[in-house]
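Scroll down for the structure; my scribbles are underneath it.
The values are calculated or read from the model by the stated rules, or taken from the named source; none is laboratory data. All of these numbers come straight from a predicted model, not from anything done at the bench. Please note: Cβ atoms are built from the backbone with ideal geometry, for glycine as well, and neighbour counts cover all protein chains shown.
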Amino acid sequence: MPQHARRRLTRRDALRKTAVGGLALAGTAAIAGPLVAGADAATPDFGYRDDGRAYVVGTGADLVFKVDRRTGDLTSLVYKGTEYQGYGGKNSHVETGLGTSSVSIRKTGDTILVTVVHGTMHHYYAARRGENNVYMWTNKADASITATRYIVRVRPGLFPNDAPDSWDARTDTLVEAQDIRRKPNGGTRSKHYSNQRVIDYDHVGWSTGEVGMWIVRSNHEKASGGPFYRSLMRHHYEDGAGLYEILYYGENQTEPMRFGLQGPYVLAFTDGSAPSPALRHDRVDTSWVDGLGLAGWVGRGGRGRVAGVGLSGRGTAYAYTVGFANTEAQYWTEADPATGRFVSPYMLPGTYTLTVYKEELAVHTTRVTVTAGRTTALHTLAIGSDPSRSRAIWRIGDWSGTPRGFKNATLMTTMHPSDARARPWTGSAHTVGVSHADDFPCYQWADINNRMRIRFKLTSQQLALGHTLNIGVTTAFANGRPRVRVNDWVSAVPAPTKEPSTRSLTVGSYRGNNHTYSYAVPASAWVRSPDAYQELTLDIVSGSGGSAYLSPGVSYDAIELLP
C-alpha cells in the first residue's frame with residue numbers, strides 16, 4: 001500500500017488508508033456519483049463516469065483506470081499521474097481481446113463493478129474505495145470461447161528489463177521459435193524462464209523502488225496442471241512488457257481444461273514494495289464479493305475443507321504437498337514438515353482425488369468428499385508408494401519427481417539448454433561408486449547426448465541372477481523414451497507414455513506425467529566377473545523427428561538397479 005511523507009492528514013489520505021492493509025477511519029464520508037470531467041488526468045475521488053468511449057473509474061486513491069464500453073478491454077491505467085497501460089497499440093484484456101461485448105458498470109457501496117459479457121463468458125473488473133487495486137475474475141463457461149489468460153500490457157521503459165524472462169531484440173539473436181533469444185554473452189532469455197511453479201509464488205511484477213506493479217494470482221482452482229505447473233508469468237522486451245494470469249495454458253500441460261469462475265486475481269500498484277499479504281489468494285477477504293452477483297461465484301459459506309492429522313512414512317529431507325483434484329477444480333496445501341499435518345484451502349463441494357506428493361512425486365492417493373460448511377477430518381495417511389524405500393544395488397539420483405541433483409538441473413528452469421552457463425551435456429561414462437549424480441545429465445536428447453553410459457560392478461551372487469532396471473522420467477518430449485543396452489543385451493523399445501505434446505525441456509519445464517520404465521535384465525546379459533565393469537548404454541528412441549534440443553528427449557528422476 002502507498003506510503004506517504006509525514007504531513008497533515010487530508011481527506012484524500014483518509015480514503016487511501018482504507019485500502020487493504022491500511023487504516024479505516026471512522027466517520028469518513030462516502031463520495032458517490034460520477035467523476036467530474038477530466039478527472040482521469042488527475043487523482044480523482046471514488047466514483048466513475050462515462051467518457052463516451054470508456055468507463056473511467058477512480059479508486060479514491062492514486063489509481064484511475066478505463067474500460068472500453070464496446071470490448072471490455074482495459075485501455076488506461078494511470079497511477080500517480082503516469083500512464084502504465086499499453087504498447088504497440090494493444091490494450092490489456094482477456095486472451096488477445098474479446099471483440100464486441102456487452103459492458104456495464106454499477107456502484108454498490110464501496111465497490112465499483114464492471115461486467116463484460118461475451119457469449120457464454122463473463123469477465124469482471126472491480127475497484128474498492130481507497131485501494132490502488134483492480135480486482136478481476138474470468139468465467140469461461142465452455143470451450144466456445146478461447147479465454148485462457150489475462151494479459152496486462154505495460155508501456156516500455158517503466159521498469160527494469162534485466163531478468164531471465166526478458167530480452168532486447170536489438171542485441172539478442174533468435175534461438176528457438178519466436179520466444180527464446182541469446183544475448184551477446186551467450187546467456188539465453190525467454191518469457192518462459194520465470195522459474196516459478198504455481199505453488200511457489202503469490203505475485204509477479206516489477207518494482208522501481210518507488211513504484212511497484214504486480215499481478216497477485218488467484219487460487220487457480222479452475223486452472224489446470226496442479227501445484228507444480230510452470231507457465232508464463234510475465235515478459236519484458238524493448239518494446240513493452242506484460243503481466244499474466246494464466247487460466248489455462250496448453251504448453252507442457254498435463255491436464256484437460258477446467259471451466260468456471262476464476263478469481264479474484266488482483267492488479268496492484270504500490271510504493272515499490274511487494275503487494276500487501278492481505279491480497280494473497282489464501283488470505284484475501286472476499287466477503288464483499290458475495291453480494292455482487294458474479295456468475296459462478298461461491299463464497300466461503302458454500303465451501304468446505306479437509307484436514308489431516310498427519311502423514312506416516314515420510315522422508316524428513318523432503319517437502320510434502322497434499323493435492324486435491326477433480327474435473328471441476330484443483331487445490332493443494334503444504335504438509336507441516338514436522339508432523340505431516342495439513343489443512344486444505346476452502347474448496348468447492350464434491351469428491352476429489354487426494355494425492356500426497358513427495359516433492360513432485362505422487363506417493364499416495366485416496367478419495368475424499370468435501371461438504372459445504374464442514375471440515376472433513378482424515379486419520380493419518382500412510383505413504384506406501386515411495387520407490388526410495390526399495391533396496392537397490394545402486395541408484396543414481398533419488399525419487400522426487402524432479403531432476404534435482406543431476407547435472408544442469410538447477411539451471412534448466414531459467415535458461416535454454418544451449419546456454420553458455422550450462423555444463424556440457426556430453427562426457428565420459430558415469431561410474432557407480434566413483435562418479436557423482438551431478439555429473440550425470442538431467443536431460444537426454446536423441447540428437448545431443450545419446451548413448452549415455454553407466455558402468456557398474458556386481459558381486460558373484462548378483463551375477464547369478466537377473467535384475468530389474470528402473471528408469472524414472474519426469475517428462476518426455478516428442479515420444480522420447482529410453483532403450484537400454486547392457487553389454488551385448490538390448491531391450492525392446494518400450495511404448496511411449498502419455499506426456500505433453502508441446503515443448504517442455506527448452507521452455508523451462510521438466511514437469512510432466514512422471515513415469516517409470518522397468519526392464520528385466522537377464523542374468524545372461526552380465527559379464528561373468530565381479531572384477532569387470534558392466535556397461536549400460538541409454539539411447540533415446542522415438543518415431544518422431546526433430547533435431548538438436550528439439551529432438552526426442554527425456555528428463556530424468558532416478559535410475560536404479562534392484563536385486
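Values computed for the structure shown
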quantity: Checking LYS107 against (1) under 22 Å from the mean Cα position of the chain (by Cα); (2) surrounded by fewer than 19 Cβ atoms within 10 Å (Cβ to Cβ), the condition it does not meet; calculated: (1)
quantity: Tabulated pairs, segment 456-468, first on the phi < 0 side of the Ramachandran plot, second in a loop (DSSP other than H, G, I, E, B) and β-branched (Val, Ile, Thr), C-beta under 8 angstrom, 6+ apart or interchain; calculated: PHE456/ILE393; PHE456/VAL432; LYS457/VAL432; LEU458/ILE393; GLN462/ILE393; HIS467/ILE393
quantity: Residue match in segment 467-474 (condition: in the same structural domain as THR402 (by TED's automatic domain parsing), at pLDDT 95 or above and surrounded by fewer than 18 Cβ atoms within 10 Å (Cβ to Cβ)); calculated: yes
quantity: Complete set of residues in segment 195-227 that are of a type in the set (Ser, Thr, Tyr) and within 29 Å of VAL78 (Cβ to Cβ); calculated: TYR201, SER207, THR208, SER218
quantity: Answer from VAL94, VAL114, VAL154, VAL134 - the residue that is in contact with a strand residue (DSSP E or B) (Cβ under 6 Å, 6 or more places away or on another chain), hydrophobic (A, V, I, L, M, F, W, C) and more than 29 Å from GLN253 (Cα to Cα); calculated: VAL114
quantity: Of all residues making up segment 314-367, the number that are on the phi > 0 side of the Ramachandran plot, among the small types (Gly, Ala, Ser) and under 20 Å from the mean Cα position of the chain (by Cα); calculated: 0
quantity: Filter pass, ARG189 being in the same structural domain as GLN262 (by TED's automatic domain parsing) and under 23 Å from SER207 (Cα atoms); calculated: yes
quantity: Single condition ALA377 does not satisfy, out of (1) within 30 Å of GLY296 (Cα to Cα); (2) surrounded by 14 or more Cβ atoms within 10 Å (Cβ to Cβ); calculated: (2)
quantity: Contacts under 6 angstrom Cβ, first residue in segment 184-198 being closer than 14 Å to MET233 by Cβ, partner of a type in the set (Gly, Ala, Ser) and not in a strand (DSSP E or B), 6 or more apart; calculated: HIS192/GLY508; TYR193/GLY508
quantity: Residue that is nearest to THR138 (Cα to Cα) [pool: residues in segment 169-226 that are part of a loop (DSSP other than H, G, I, E, B) and of a type in the set (Val, Ile, Thr)]; calculated: VAL211
quantity: Test: residue in segment 500-520 that is over 29 Å from the mean Cα position of the chain (by Cα), over 20 Å from MET452 (Cα atoms) and in the same structural domain as ASN408 (by TED's automatic domain parsing); calculated: no
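Here is a yes/no grid of residues against (1) polar (S, T, N, Q); (2) within 21 Å of the chain's Cα centre (by Cα):
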position	(1), (2)
SER166	yes, yes
ARG182	no, no
TYR193	no, yes
HIS236	no, yes
ILE246	no, yes
PRO256	no, yes
